[in-house]
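First the structure, in the form of structure tokens, and then the observations on it.
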Amino acid sequence: MSKGTAIGVETLHMTKRFGDFTALDDVSIKITPGSFHALLGENGAGKSTLVKCMMGFYQPTSGQMLINDREAEIRNPRDAHASGLGMVYQHFTLVPSLTAAENLVIARENAPAVIDWRKEREGLQAFLKTMPFSVALDQPVNRLAAGEKQKLELLKQLYLGRHFLILDEPTSVLTPSEADELLGMVRDLTQAGALTCLMITHKFREVTAFADVVSVLRRGAHVGGGKVSELSHDDMAAMMIGDKTLTRSADRSGEKGEAVLTLDGISASDRSGLKTIEVESLRVSAGEVVGIAGVSGNGQMELMEVLTGQRPVSRGRVNVKSEAFHGTRRQARDLKVRFLPEEPLQNASAGRMSVAENLAFRTFDLKKNGGLNGKSTRTWLDRAGMSRLAVELVDAFKVKTASIESPIASLSGGNVQRAVLARELSDEVDLLIIANPCFGLDFSAVAEIRARIMAARNAGAAVLLISEDLDEILELSDRVLVMSEGRIAYETPIATLDVGELGRHMAGHA
Amino acid sequence: MGEGDLGLWAVLVAMIGGAIRVSTPFIFVSLGECLTERSGRINLGLEGTLVFGAMSGYAVAYETNSAWIGVLAAALAGTVFGLFHGWVCKLPRVNDIAIGIALMLLGMGLAFFFGKPYIQPVAPDLPAIPLGFWSSSPQVEAALRVNVLFVVGIALAFLIAWLFRSTRIGLVIRVVGDSSDAARAMGISVDRVRLLATAAGGALAGIGGAYLSLYYPGSWNEGISSGQGLMAVALVIFARWNPVNCIWAALLFGAAGALGPALQSIGISKGYYLSYAAPYVLTLILLIATSSTTRAVRGAPGELSITK
Ligand SMILES: Nc1ncnc2c1ncn2[C@@H]1O[C@H](COP(=O)(O)OP(=O)(O)OP(=O)(O)O)[C@@H](O)[C@H]1O
Ligand SMILES: [Mg+2]
């Protein structure tokens, strides 16, 4: 990696409008060379929009940018790269079918016309030796787990020798120790004067532990900031949310009821078709939250697909209230089963359809007086009714969107999550199956969504929570299971849980 | 050796020879389609390009009295079709599949219109290499007369495979085909790469067409193509978007296509015409057999509109 001098970047009165919606409102932020600058803000505050303007992905409606105190015109990402700016995006930008090595080499501006793989591989190996972690070079990226991909994204930027690095929620897919390692490395580079880093994050812990300076956005406007050492978590939180109050999780209440979800001797093949997922027995009862912890890529996604009926099982049964469950729409409706898969933009919504249409997926074909459980379906859509429902849900779940007619893909990551949750939690629920519900959400949204999950549990729903966030599992679960290598490796009630023991099972050596 | 054995042997030899002859246009069209699809676009217009290539190749070969200039002309015509497809697809809200179908009809229509005066005249043939010189059997000799374009096609498949693996251009095409977001993040002009890939694919399809009219069957008429351009789409899926696999797939389709003539050549006259359906039946069987409801199609470019 080429050593060089860190770059300073400053935005002046930057404004970005999408139609008549103002996503960025006169933002001026100065990021000094060699600093580790954190950017905080609620979901939809405009953080990603700001950095995309800096990177030339969007053209700001007005305002300018200075690079090393000189005015710079960034018309496209290539211009940004040429100026030494690089970014790790919230969504992965690696090419899925290319191997890690291919991804690294082709990303280079001066990639040779004919690639001598022997030489390149040696160069890559030498580069990886200087890094605190490495990745398998010859695996296609689509076989890597989310955490691995994020490491590779980061390695790529460092490999390209960028001197101003924008990280958009870089650690949301990493385990805490991986995150510390990664950010520690970035901080060492900034302190050595080789790199300037602007990091978007929702985690205050990371801000205090690694960043020097913080800026806060609220509804597109720059509302404050300062030296991290002079600010407490409460100060930052107050700047982020203004004068709102936080939702507090309700206490546990209610009795554990009968088993709602039972899995017996399930066996299914995983995505690669090479390994199998085997769950001997899993029970979730009414009024309890069962948490499944585990490092990503250990079969959680496949288990979720088995439960939603998307993945056929070669053996075993999934029962809901002692009825064999196949995940059909009718069955899900009759048995009041609701799902929130991870990455809801891909897995639980139709990106180009509007927010209103996406919110109506559960109900658009039902007659009104038939209710959600009525058997009567309609032929003609009730557009007005769909809009009314959308307005109601957008309001109740505080989904930030330009309008209910915007395509759901234009919402910020956190708001897609809220919209899908709004749809899934809007009615009576007996069984709720959730995967990583708070991925990428800001702290007030996290508190709110966890409170809603707890409320569903207290109202007597059986909840299966699959999450990579151990804190989330510990906060919500009544019983914790660990999934490792496609199997349930460990089970314990929350009362007698030992975190060390749990960690060992998650790491696969217990 | 009994009568039956001789018959079987003859069918086999005829089929190998036939496979080589029939597969050549498949190799070119499928390599063209493979190149285009790896860039994330599908060109269903290759059937039209093929037919137009057959016509223009034949016409130019007749006028200049050189088969090779004819092949060049066909490649050029194919490039123009490819450029047109690529250019139209660049416009907003345009669907590559619909444009492909329109281009297919346009290509065939133009070919029939301009090709009318060339149905009668005889153009020079492309040269063949007599690989069967060692044999005394005229059947074997005939079967192993291999056209130069067959050899070129095979070399081309390996060349394209190498291109995808070890050159910047190849990797850029794969990046564009798999994730246009990633490509844009790298500053690659997605539309330009697709335009060029489609143009190159068109050129190859044009050459495939020239082979039809200049070697086998070796004359220009309106029924010259039996859907090679369309079957190439299935063939590329079966080959899992791998250019070298395209050779095997093309040979298989070629063999299936040669079944009918081979049966006819040993005097089976009843029902043999059913075997003319063999390539189409094979297409269906292969696509069904290699499909899966649980796994994504392996090797499919992520940006392809049919697999997305
Ligand atoms: N291309 C677009 N078209 C219309 N509206 C957009 C577009 N991109 C973003 N927005 C809107 O701008 C606002 C800010 O979005 P942005 O992605 O910057 O939020 P964010 O601060 O990054 O949030 P998160 O923490 O959820 O990622 C959101 O309300 C979003 O709906
Ligand atoms: Mg964002």
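The values are calculated or read from the model by the stated rules, or taken from the named source; none is laboratory data. A quick note: this is a predicted structure, and the numbers were derived from the prediction, not measured. All Cβ positions, even for glycine, are placed from backbone atoms using ideal geometry, and neighbour counts span all protein chains on display.
Residues in segment B:282-304: is at least one among the small types (Gly, Ala, Ser) and within 30 Å of residue B:120 (Cβ to Cβ)? No - not one qualifying residue is present in segment B:282-304. Just one residue in the set A:88, A:9, A:114, A:95 is closer than 27 Å to residue A:192 by Cα and within 14 Å of chain B (Cβ to nearest Cβ); that residue is A:88. Put simply, of A:292, A:266 the only residue that is part of a strand (DSSP E or B) and touching a residue at least 60 places away in the same chain (Cβ under 8 Å) is A:292.
One residue alone among A:126, A:100, A:136 is more than 9 Å from every other protein chain (Cβ to nearest Cβ), without any contact (Cβ under 8 Å) to a residue 12 or more places away in the chain and of a type in the set (Gly, Ala, Ser), and that residue is A:126.
Residues in segment A:308-355 that are of a type in the set (D, E, K, R), loosely packed, with under 15 Cβ neighbours inside 10 Å and within 14 Å of chain B (Cβ to nearest Cβ): A:352 alone. Just one residue in the set A:35, A:48, A:83 is of a type in the set (S, T, N, Q), within 14 Å of chain B (Cβ to nearest Cβ) and within 13 Å of residue A:166 (Cα to Cα); that residue is A:48. Residue-level check: of (1) away from chain A (no Cβ under 14 Å); (2) touching a helix residue (DSSP H, G or I) at 6+ places or on another chain (Cβ under 8 Å); (3) at pLDDT below 95, residue B:210 misses just (3). Being assigned by TED's automatic domain parsing to the domain that holds residue A:202 and within 16 Å of ligand 1 (Cβ to nearest atom) is a description that does not apply to residue A:86.
For residue B:205, the stated conditions hold: it is touching a residue at least 60 places away in the same chain (Cβ under 8 Å) and aliphatic (A, V, I, L, M). Please indicate, with yes or no, whether at least one residue in segment B:77-89 is in contact with a Ser or Thr (Cβ under 8 Å, 6 or more places away or on another chain), surrounded by fewer than 24 Cβ atoms within 10 Å (Cβ to Cβ) and farther than 30 Å from residue B:7 by Cβ. Among the residues of segment B:77-89, at least one is in contact with a Ser or Thr (Cβ under 8 Å, 6 or more places away or on another chain), surrounded by fewer than 24 Cβ atoms within 10 Å (Cβ to Cβ) and farther than 30 Å from residue B:7 by Cβ, which makes the answer yes.
Return a yes/no flag: does segment A:484-506 have any residue that is closer than 30 Å to residue A:238 by Cα, away from ligand 1 (no atom under 16 Å from the Cβ) and at pLDDT 85 or above. No. Inspection of segment A:18-33 finds a residue satisfying the criterion of being under 25 Å from the mean Cα position of the chain (by Cα), within 16 Å of ligand 2 (Cβ to nearest atom) and more than 21 Å from residue A:216 (Cβ to Cβ).
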